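**Q** Can you read through this structure? Questions will come right after.
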Number of protein chains: 2
Amino acid sequence: MTEPERLRADAVRNRAAILRATEDLLTRHHPQQISMEQVAAAAGVGKGTVFHRFGSRYGLMRALIQERAQDLEIAITTGPPPLGQGAPPRTRLLAFLTAMVELVARNKGLLAALGPAAPVTAAPEQEPRETHPVYRSWHGHISQLVHQQRPDLDADMLAHVLLATLHSEPILNALERGYANRLDRTLRDLVTGLMPQ
Amino acid sequence: MTEPERLRADAVRNRAAILRATEDLLTRHHPQQISMEQVAAAAGVGKGTVFHRFGSRYGLMRALIQERAQDLEIAITTGPPPLGQGAPPRTRLLAFLTAMVELVARNKGLLAALGPAAPVTAAPEQEPRETHPVYRSWHGHISQLVHQQRPDLDADMLAHVLLATLHSEPILNALERGYANRLDRTLRDLVTGLMPQ
DNA sequence: GACATTACTGGACCGGCGGTCCAGTTGTCG
DNA sequence: CGACAACTGGACCGCCGGTCCAGTAATGTC
């Protein structure tokens, strides 16, 4: 899935240190108020190293999220039911939502790092703005499962709505306060309403 | 509802010019990439004037949103059914969601201005971060209506989930492309699933 | 209508940040 | 072991949110 991309030994070490430092900072601060210099300092490297490796603030966040989401990605593509193939769509969807909520809750504020979910560079307008790979993957998974059982629904939009949950400041707050189960329950209720038994 | 706050004639004029300029810029750029200097220049005033009137970037966005949301606010508190009091909760909720989607769609990217939905100042942590008045109002309205018909549900969380829709980059994109009706339809489906006839 | 008061104005200025650059360093491979 | 490329890191750049304050012009009083 990921090309090995042979890196020098010190580069590998620093890459890991930077990611770990970023994650650590994210548990204490909101993504917007973490500066790249802070990250570099916390990782014990120079700012240039951070940018050389990740290209930009967005690239860093993107790499971090991708790494954390990898396990779930594998579970739904090649793992056993109910996350993996084999269970009915409704069951798989519910299992996925639960896993997703748990993932986000465990990595507090991690998804918030997606922030605008796209780099906020001076967009020349009109271009649809690149979407985050993890977002695309999750959206595809959800909409596919919905479509299998309820082809009459707008699965595409519905998947966006369900995922939107993870970009809401108040909800992320609730997650940080330990209300993951409430969110999970609410999402289940919503899905169950549309996909009865 | 709003104190008149006697302003000098020129202050009133400039306030309006700044709000109009901001709105105009928001139709062409994403909120994050509009600088306060741009706003000032577009409004034909100095930067100091903008900050004197609105205090901060967040204060400006907040004022803008509040003004646009005023009509809807009035409609649900003192207007006629189905938005105002008199209709059954389910009907009112559906009407509200439709109005909300339409409002956001018409003011492209306006809600995106809520961005983090709160000032991203260096939060001393722990404090729950002030919530935007408009958000609070909408959340209260939705959760109250849900609770009236389905007291068994977690109306509070459900309202947050429904509102989260408006903070999603992909969905705002869809709205800008004119898919407001698809979003409206999807939200109706979700609500109808939980509040059957 | 003149004057004092005071709110408003706007541009210079500040600290900090994302991102670039490049000279020096160090792993890697033949 | 030597040469080369990749990596490193700190100085540097342009920009931006926000502050400050001297100048300006509405407003109220007589």
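**Q** Mind listing just one residue for me: the one in the stretch A:24-36 that is open to solvent by 50 Å² or more (accessible area, probe 1.4 Å) and under 23 Å from A:Pro170 (Cβ atoms) and, of those, farthest from the other protein chains (Cβ to nearest Cβ)?
**A** Result: A:Thr27.
**Q** May I pose another question? Could you figure out which of (1) within 14 Å of chain B (Cβ to nearest Cβ); (2) surrounded by fewer than 18 Cβ atoms within 10 Å (Cβ to Cβ) isn't true of A:Ala9?
**A** (1)
**Q** Say whether the condition of being closer than 24 Å to A:Leu103 by Cβ, basic (Lys, Arg) and more than 9 Å from DNA strand C (Cβ to nearest atom) is met by at least one residue in the stretch A:56-63.
**A** Looking through the stretch A:56-63, at least one residue is closer than 24 Å to A:Leu103 by Cβ, basic (Lys, Arg) and more than 9 Å from DNA strand C (Cβ to nearest atom).
**Q** Of the residues A:Thr27, A:Thr49, A:Thr22, only one is within 26 Å of A:Thr165 (Cβ to Cβ), outside the structural domain of A:Leu162 (by TED's automatic domain parsing) and within 16 Å of DNA strand C (Cβ to nearest atom); which?
**A** A:Thr22
**Q** What's the total number of residues in the stretch B:17-33 that are under 21 Å from A:Gln32 (Cα atoms) and at pLDDT 90 or above?
**A** 0
**Q** Name every residue in the stretch A:37-88 that is open to solvent by 50 Å² or more (accessible area, probe 1.4 Å), more than 16 Å from DNA strand D (Cβ to nearest atom) and of a type in the set (A, V, I, L, M), in order of residue number.
**A** Scanning the stretch A:37-88 gives a single hit, A:Ile74.
The values are calculated or read from the model by the stated rules, or taken from the named source; none is laboratory data. Source: prediction; values computed, not measured. Don't worry about glycine lacking a Cβ; one is built from the backbone with ideal geometry, like all the others, and counts go over all protein chains shown. Each accessible area value is taken on the protein alone, full model and side chains, heavy atoms only, with ligands, DNA and RNA left out. Shrake-Rupley method; radii C 1.70, N 1.55, O 1.52, S 1.80 Å.
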